[in-house]
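The values are calculated or read from the model by the stated rules, or taken from the named source; none is laboratory data. Predicted, not measured: the structure shown is a model, and the values here were computed from it. Cβ: placed from backbone, ideal geometry, glycine included. Neighbour counts: every protein chain shown. Protein only, heavy atoms only, side chains kept; ligands, DNA and RNA dropped before computing areas. Shrake-Rupley method; radii C 1.70, N 1.55, O 1.52, S 1.80 Å.
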Amino acid sequence: MKIRWLLVLALGAAGMALAQVDTFAFMPEGGRTILEPLLTADPALAGKLTEKRPAADWLAAITAGDLPGVTGLDEWQAQTLADYLAYAAPIDPAALPLDGRDMTLARCQSCHIVTVVVTQARAREAWLGTMGKPSHVGVPLTPEERGQLADYLTVNAGIPIDAIPPELRAGGASY
């Protein structure tokens, strides 16, 4: 799993250093998070993201190298970005919508610890089925957002429990 450490300045005369960890760094990036630095590095990329396409078409464009500056993605990142573009395009770089990771943290975690969600490897239909249950229909997501969240979780969930920080392993649903 990717772990991102934030560098922190040395403190005091003794030169002590502190390392601060992103508590949710164990969760794979969502499409917005993948896309933002690509758009910053090559603003012309936005011009290629102006039409609505299915995820399979976006994935083909990503893997074929048809999108300028979109290189070096592993298969999960490429699929995550393709799924995001299928929902978010046409892209306005100044107002990128939430991605599946954002929604997992903002919506799923509002009722239960995120571990309940991200440790489950499930098919898209299973995720949509859970979101259609009475305990989840009140979660503020549009049908399109539910699809995007299900796509993100289908590709990126199933994280091994030992890859999750111990403080996030306990608990469960609180609804």
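In a reduced charge model with +1 at each Lys and Arg Cβ and -1 at each Asp and Glu Cβ, the stretch 36-175 shows a dipole moment near 480 debye about its Cα centre. Computed extension length for T142-A25: 39.5 nm, one decimal, from 0.36 nm per residue of separation with the Cα-Cα distance subtracted. Only the Cβ atoms of Lys and Arg (+1) and of Asp and Glu (-1) were treated as charged; on that basis the dipole of the stretch 63-137 about its Cα centre amounts to roughly 420 debye. Couplings 3J(HN,Hα) of the stretch 134-140, computed from phi: x, 6, 10, 5, x, 5, x Hz, in residue order, whole Hz [Karplus 6.51 cos²θ - 1.76 cosθ + 1.60, θ = phi - 60°; x for Gly and Pro]. Per atom type, the stretch 18-86 shows carbon and sulfur on 55% of its accessible surface, probed at 1.4 Å. What the Cβ-Cβ distance of A163 and L73 gives, at R0 = 25 Å and to the nearest 0.05, is a FRET efficiency of 0.80. Remark: the stretch 128-171 carries 51 Å² of accessible area per residue (probe radius 1.4 Å; ligands, DNA and RNA excluded).
For H112, the residues whose amide H sits under 5 Å from its own are S174, ignoring neighbours fewer than 5 places away on the same chain, with H placed 1.01 Å from N. Between K48 and A123, what FRET efficiency follows from the Cβ-Cβ distance if R0 is 41 Å, with the result rounded to 0.05? After rounding to 0.05, the efficiency reads 0.85. In a fully extended conformation the segment linking A64 and S135 would gain 21.4 nm over its present Cα-Cα distance, using 0.36 nm per residue. Placing +1 on the Cβ of every Lys and Arg and -1 on the Cβ of every Asp and Glu, with no other charges, gives the stretch 131-173 a dipole of roughly 160 debye about its Cα centre.
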